[in-house]
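Here is the structure we will look at, set down as structure tokens.
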Amino acid sequence: MDAGTASAGEHVVTTSATTYSYTPGFYAGDRPRIVTSRFEYEDSHTIERFLATDGYVGLKAALAKPAPAVHEDVKAATVLGRGGAGFPAGTKWGLTPPGVFPRYLVVNGDESEPGTYKDRLLMERDPHQLIEGCLIACYAAGLSQCFLYIRGEMAVAQERVAQALNDAYAAGYIGKNILGTDFSLDIVLHWGAGAYVVGEETALIESLEGNRGMPRLKPPYFPAAIGLYGQPTIVNNVETLANLPWLMRHGVEAYTAIGTATSPGTRMMAVSGHVKRPGVFEVINGSTTFRDLIFGEEFAGGMRDGATLKAFVPGGGSAPWFVEDQLDLPLEGRAVGAAGSMVGSGAVMVMDDTTDIPAAALTLTAFYAHESCGKCAPCREGGTWLMRILERIVAGHGTSRDLDQLIQVGQTICPGNFPHASSERLGLTAVPFPYKMTTICFVGPSAYTPVHSALTLFRDEFEARLMKRTFIPVTAVSEPATADSTSLTAASMAGTVHS
Amino acid sequence: MARLSEDNVRIALEIIGRYPRAKSATIPLLHLAQQQDGFVTNEAMAHIGELVGTTSAEVLGTATFYEMFKFEPVGKYLVNICGTMSCALLGAEALMHHAEHTLGIKAGSTTPDGLFTLEHAECQAACTEAPTLQVNYRYRFRVTNETFDQLIDDLRNGRLGDEIPAHGTVAKIRQRIPADRGVGAVAPEDVTEPPAWMPAPQAQGSTS
Amino acid sequence: MTATDTPTLDDVPEPAPVDPNAVSITINGRAVTARKGDLIITAAENAGDYIPRFCYHERMSSVGMCRMCLVEVDTGRGPQIMPSCMFPVSPDMKVYTDSPVAKAAQEGVIELLLANHPLDCPVCDKGGECPLQDQSFSHGPGESRYVEEKRHYEKPIPISDLVFLDRERCILCDRCTRFADEVAGDALISFTHRGNLTQVNTFPDEPFASYFSGNTVQICPVGALTASPYRFKARPWDLQEAESTCTTCSVGCRTAVQSTRDELVRYQGVDSDPVNWGWLCDKGRFGFESVGSDDRLATPLVLTATGHQPTSWNSAINSTVQLIKDALAAGGPSSIALLGGARGTNEDAFAFARLAHDVIGTPNVSSQLVDGLPVGVLGLPRATIDQAASAKTIILLAPDLKEELPVLYLRLRDAVEKKRSKILEFTSKGSGLTKYAWKTVYYEPGTQADAVTTALADPAIAVQIASGDVVVVAGRANLAESSAPTIAALNVLLGAIPTASVLPALRRGNVVGATQVGIRPGAGGLDSRGILEAAAHGSIECLILLGSDPLSDVPDADLARRALAGARRIIAIDTFVNDSTALAHVVLPAAGYAEKIGTTTNLEGRTTSLAQKITAHGTSRPDWMIAGEIARQLGTDLGFSSVADVTAAIATHVDGYDGVTTNALAAAPNGVIALAPSIDRVNTPTVDLGDRNAYDFRLVVSRKLYDAGVAVAHAPSLAPLAPGVAVFVNPLDVTRIGSSIGAEVTVSSSTGRIVLTLRADASVQRGSAWVPFNQPTSAAGAVKIGDLIDAGASVTDVRIESI
């Protein structure tokens, strides 16, 4: 029926009971499902299926209560933001200055953090659930208009959400006097056009205002105070909002019964890279460990081809890397933060012992250098500089000075002593994440993070690549930096051990 | 090429009407222009500036920030091969080399017949299905050399016309807000009171 | 230690009442009192700790782009790295501007900014005055470790007729683009592309044609933007500089006048808080080219049988005095008239006013040229620019300020953008401020008094005005009208809003100063129109043109021609030969701008000092000296042996100028307000609109910033910017004319007929036609819009016909 699903025929999705071919990469398993409960239905994106499976029941439950009571429920359930920072949604809603109206909801569907694959599934597979979440949020927090910002490259998600919106308008779930109440709301579908940094919430607002998607000044720290059109604005991630219908249907107690006290509920995790069964899983929040996720039979099933784990990125491309020592950490923001990284956007990228570490670091650094918006000088200039040095090293032209140079350039973006995703085994002390930075947003530090992690953990691999000369031959000057000169140099990382 | 056609101006005005500030429609209108002409022309940018009330330079500034907008003709099929971490770990670079060989062009260029443009892409949010690519933003997962060649063959022979529109069209379904259901844009200058469903402020603070 | 540990605090006697706006902070360990709302960067600078910066500019919003101003700030949660341009001070904040972490961050940013910056300082105009260069020395690491290839762009590219952009030098600080958008409202340059490839550019084929483009060159912290009139002219260390005031128009922007080898090469805006905030318009900024023009008058000229011949000053003064004596003999003192003085200094004007009023004894003296308002407007309660730009309501009854008083336009635009003020505009044609106006009331030329009456009855307007604090900006919006309709409307406004004050939008540089110090009609004297009409009737024996060119500037061209033909003797004091001086019996070369010191008074009455920076051209002399010499030869010693004498005499003798002393001006760079309380306020004149008959269109004639005046015509960089002449009508009126856009049409009034190109312009209202005044035309004298205008009529109706 559409590209995203029709082409995935050859590999299948399994739950304990059933196999589905139309949700590529998703494995339901035998676990509680809050946001993926309809994924076994091929037509889960239609309003008919949605209504047949408790659709908009949560909205009705919410509308039966006064709006502040719904807000209190969301606070009590500690629904954590699923976009990366993990800030509780109910608290975020409460940061709007009193008495200032109108207030807006902006839905962050600009999923593009490397390794992250969940919001697109939620939009393609259950768009009405997201819409219902938007309605509940706007009702609870008194938000007058909702803008649903979907990443530009997600054509199918845009189509599914557009169709769902059209159907929901027609059925009276959106628009004037929803379900006969005095709750009225427009949800406007807005789509981006390709810029990772727009996932940063202030950049998202700039983009939604028709500007270049450059993060705004901080303070104010939260758009809740001054956001879209200068008004109080809540920016919530797709998955965060997708939790709300279930919460409203089943209540706070049922929600907090899953997961841990500080991280209740479930969360979507994508495990990719060198594992037997790369996939997306809805896991129990807080208690599931990285070892479960990477090696558990109901999850990624362990390393492919009998290889051993070399390193993994625990929370999206921006996160400092972990190694075997951190496998038993739970998927819980505080625990992972204390260990010097983050759970972030729910993306684990696994590298086995065949991985060319300098090339892997280059891939991520090149991504962030390319995606810099260009606003802050350290990110704009420093990110590209790091990329150039790495390119030289990967190409075999690095000099002995370049490794210290990488650290020094990185320190202009992240000054001081910073975090090591490491362990006592290496004689290093982890510094809690996040670290100091000279830039407005995290894109700049993210260009340095992989360099820092890789150099800290695998310095010998870099040293082995260096020239035995201390100068740079004239002929080694790389091509002028363009968007395209980067990924070619990411040497074949699949199954090749560097010599 | 051209300014927006009469039909597209109608769509543009409908889109503009959804936002409290017309400038917010800039990116959707740039998509509309790209859908019309296959790329974004200078005339269209100037026209969008007129429609949303900004200078052409501001439209250009916004448009060039985003990667999806092209300012010169590209192939009917834009093939984006992801090269970010998860795909790189699973052979993206080899796939790109194969694609370059199959199409006979380097990444960043267009085949002489104007059918294909090949580009490096950043993370496509399908990391578990690496290596991935998009053709005009329609996914292909776990791409092998063989499935890539089959895809190109299918596209060349028009076998995927139903699924994959020509470059410029992203979503084939547009949002339509029915006139009798729509609330309309809520602009800061029009509203200073809490919305109708919110209790009065004093009650708001008294939740126990 | 917590507060409870320090019981001694309770024993401290009750402190004196504290300033609620004072915030106590610590900077580098020193206790400092900052002002509430101050940014850290400002508070530190006030405390003597300069924090380096590139993107921060105190007249624009903070963007935090360059990250140069990073400091360590401790607000109780341990030191954090923060950009000091983004954070306001808060109580007990501890700021470290030069801690090891702050210094490392600053050095890092310098190194990163230099990474892609070409080291072409030896051939860069900015070298020597470059913030990047300077701060690389003061706050940089001293060397670069960047060995990769730098970014390359074509360099430089013209982004307008006046400004070149070198994108390789650009450090992407957002100053120029922010200025264009935030300050000028001309967002014609923008960042394009992204990340490391971000650059500043214009839209293809849409140049940065802003009247304020030169400001971007001045605020560029590197050599990325250069202005074509200055490129490769001088090195900063060879420049000499003096602070002065621009007299291109009557806003009176403060400037730094810069010269090298006795040649003016650049003006820079100086930040005068009550006036220009550091900004200049391009006409003012690049006007130095006309001062240095080779066309300047270098020696006195006398008219002989074979035309003008150069002569000595002695001989020229003798001839001048003889002409005056002959005129006195022939017609008595009142047969002598003086027109002009608005382009010189107060001292020049005062000396000539003394000569005319006291030595010659004529009351027929005027600083205007039938294109202003009766001098009585200067007797109305006067507003300052600051008052206008902070008034709740600004009522515009004025010409297009963007065209005539550009920096006043910036200030009023800012007042609207920052939501301090609402503009209520009365106009016949859309202006630069129309899109910022709260309400624009269009009136048919001549009917503004009715329009005002009707508008004041509007409930919304009535409520707005009833909230008080109203400033009226009043000027001559339409040269095809007499001043009568404007004065009538102004009187209606002031009658209805007695508390309103008035900012006179008169245009020529020192028209307010000249008028206030005495170049205005004495008792029973003629105003400029009266003088010209008297001359046309043959009753002026001697006409003294003090830097005025009636043939170019008087809207009624026929009146000007007849007046100059009818005046029996003409004495001209000027900097250039022009149409009017060509008819003079004696032409005396006057020292120009920056060639003489003195004072000037802007439209608010703000009097500031003018600096001399270069030697006067040729043998030219300041006007005050010429007046003194003529007076002496006529038997009266004015007592002026230096400019200071004249300045002192003004302070002594001129009502309102008692505070304007050399010492007071030296102590107050922003000047001293001098008003003229003795000028009577205006009376209601008669407005006679007549019958339109077969005339379809009512004419609007107004000025563009760039015209055929000397400041533009003799400046090679500016002259090409004059748009040229055409007749503009509303697009919906084009068909009514039976012609097409771009075609030649005849435009005829009761007094004349000219041929113009027809153009459409939506800012022109239906039923009216607009023609820009005094534009250069290709064939000499081919088109004179003044041929259609009758100074005696309230309005000008025209017929437009296809040929």
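The values are calculated or read from the model by the stated rules, or taken from the named source; none is laboratory data. Remember, it's a predicted structure, so these values are computed and weren't measured experimentally. Cβ placement follows ideal geometry from the backbone for every residue including glycine, while neighbour counts extend to all protein chains displayed. Heavy atoms of the whole protein, side chains included, go into the accessibility calculation; ligands, DNA and RNA do not. Shrake-Rupley method; radii C 1.70, N 1.55, O 1.52, S 1.80 Å.
The residues of region C:654-671 that are over 15 Å from C:Thr345 (Cα atoms) and either in contact (Cβ under 8 Å) with a residue 12 or more places away in the chain or among the basic types (Lys, Arg) (or both), listed by number, are C:Asp655, C:Gly656, C:Gly659, C:Ala666, C:Pro669, C:Asn670. Can you find a residue that is free of Cβ contacts under 8 Å to residues at least 24 places away in the same chain, more than 24 Å from C:Pro236 (Cα to Cα) and either touching a Leu at 6+ places or on another chain (Cβ under 7 Å) or within 14 Å of chain A (Cβ to nearest Cβ) (or both) anywhere in region C:128-142? No, region C:128-142 has no match at all.
Across region C:199-209, the qualifying residues are those that are in a loop (DSSP other than H, G, I, E, B) and surrounded by fewer than 24 Cβ atoms within 10 Å (Cβ to Cβ), and the one among them that is nearest to the other protein chains (Cβ to nearest Cβ) is C:Pro204.
The requirement of being within 10 Å of chain A (Cβ to nearest Cβ), surrounded by 15 or more Cβ atoms within 10 Å (Cβ to Cβ), out of contact with any Lys or Arg (no Cβ under 9 Å at 6 or more places or on another chain) and outside any strand (DSSP E or B) is satisfied by C:Ala102. Among the helices (runs of 4 or more DSSP H) confined to region C:299-400, the ones with at least 2 residues that are out of contact with any helix residue (DSSP H, G or I) (no Cβ under 9 Å at 6 or more places or on another chain) and either open to solvent by less than 30 Å² (accessible area, probe 1.4 Å) or not aliphatic (A, V, I, L, M) (or both) are located at C:313-331. In region B:35-63, the residues that are on the phi > 0 side of the Ramachandran plot form Cβ pairs under 9 Å with partners that are modelled with pLDDT of 95 or more and in a helix (DSSP H, G or I), at six or more places apart or across chains, as follows: B:Gly53/B:Ala22; B:Gly53/B:Lys23. What do you reckon, is B:Thr169 more than 19 Å from A:Tyr104 (Cα to Cα) and either without any contact (Cβ under 8 Å) to a residue 12 or more places away in the chain or crowded, with 16+ Cβ neighbours inside 10 Å (or both)? Taking the combined requirement at face value, the residue satisfies it.
So that you can scan it fast, the table gives a plain yes or no per residue for (1) among the charged types (D, E, K, R); (2) under 30 Å from C:Asp645 (Cβ atoms):
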residue: C:Pro498; (1), (2): no, no
residue: C:Val512; (1), (2): no, yes
residue: C:Gly547; (1), (2): no, yes
residue: C:Ser552; (1), (2): no, no
residue: C:Leu564; (1), (2): no, no
residue: C:Arg568; (1), (2): yes, no
residue: C:Ala582; (1), (2): no, no
residue: C:Ala590; (1), (2): no, yes
residue: C:Leu603; (1), (2): no, yes
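For region B:101-124, the set of residues classified as open to solvent by less than 20 Å² (accessible area, probe 1.4 Å) and of a type outside the set (Ser, Thr, Tyr) consists of B:Leu103, B:Ile105, B:Phe116, B:Leu118, B:Ala121, B:Cys123, B:Gln124, listed by residue number.
Under the condition of being of a type in the set (Val, Ile, Thr) and more than 25 Å from A:Val198 (Cβ to Cβ), which residue from region A:339-372 is farthest from the other protein chains (Cβ to nearest Cβ)? Step through it out loud before you land on a result.
First, the residues of region A:339-372 that are of a type in the set (Val, Ile, Thr): A:343, A:348, A:350, A:354-355, A:357, A:363, A:365.
Cutting the leftovers down to more than 25 Å from A:Val198 (Cβ to Cβ) gives us A:350, A:354-355, A:357.
Numbers: A:Val350: 8, A:Thr354: 9, A:Thr355: 7, A:Ile357: 11 Å.
For region A:339-372, the residue satisfying everything is A:Ile357.
Being open to solvent by 10 Å² or more (accessible area, probe 1.4 Å) and within 14 Å of B:Pro178 (Cβ to Cβ): is that true of A:Ala171 here?
yes
Looking at C:Ala594, C:Ala611, C:Ala563, which one is at pLDDT 95 or above and out of contact with any Ser or Thr (no Cβ under 7 Å at 6 or more places or on another chain)?
That would be C:Ala563, the only listed residue that is at pLDDT 95 or above and out of contact with any Ser or Thr (no Cβ under 7 Å at 6 or more places or on another chain).
Selection of region B:163-179 for residues being of a type in the set (S, T, N, Q) and at the interface with chain A (Cβ under 8 Å from one of its Cβ atoms) yields only B:Gln175.
Listed by position, the strands (runs of 3 or more DSSP E) inside region C:688-803 whose residues that are open to solvent by less than 40 Å² (accessible area, probe 1.4 Å) and among the basic types (Lys, Arg) number at least 1 are C:697-702.
Of all residues in region B:122-153, those being more than 9 Å from chain A (Cβ to nearest Cβ) and of a type in the set (Ser, Thr, Tyr) number 2. For region A:139-154, the condition holds for no residue, the condition being that it is within 24 Å of C:Phe87 (Cβ to Cβ), open to solvent by less than 10 Å² (accessible area, probe 1.4 Å) and more than 9 Å from every other protein chain (Cβ to nearest Cβ). For C:Thr652, the stated conditions do not hold, so it cannot be described as surrounded by 14 or more Cβ atoms within 10 Å (Cβ to Cβ) and at pLDDT 90 or above. Out of everything in region A:278-330 that is out of contact with any Gly (no Cβ under 7 Å at 6 or more places or on another chain) and of a type in the set (Ser, Thr, Tyr), what residue ends up being farthest from A:Thr23 (Cα to Cα)? Here the residue is A:Thr308.
For region C:578-595, the criterion of being assigned by TED's automatic domain parsing to the domain that holds C:Ile336, out of contact with any helix residue (DSSP H, G or I) (no Cβ under 8 Å at 6 or more places or on another chain) and not hydrophobic (A, V, I, L, M, F, W, C) is met by at least one residue.
Which residues, counting only those in region A:183-192, are small (Gly, Ala, Ser) and either open to solvent by 10 Å² or more (accessible area, probe 1.4 Å) or over 18 Å from the mean Cα position of the chain (by Cα) (or both)? If the condition is that a residue be small (Gly, Ala, Ser) and either open to solvent by 10 Å² or more (accessible area, probe 1.4 Å) or over 18 Å from the mean Cα position of the chain (by Cα) (or both), then A:Ser184 is the only one that fits.
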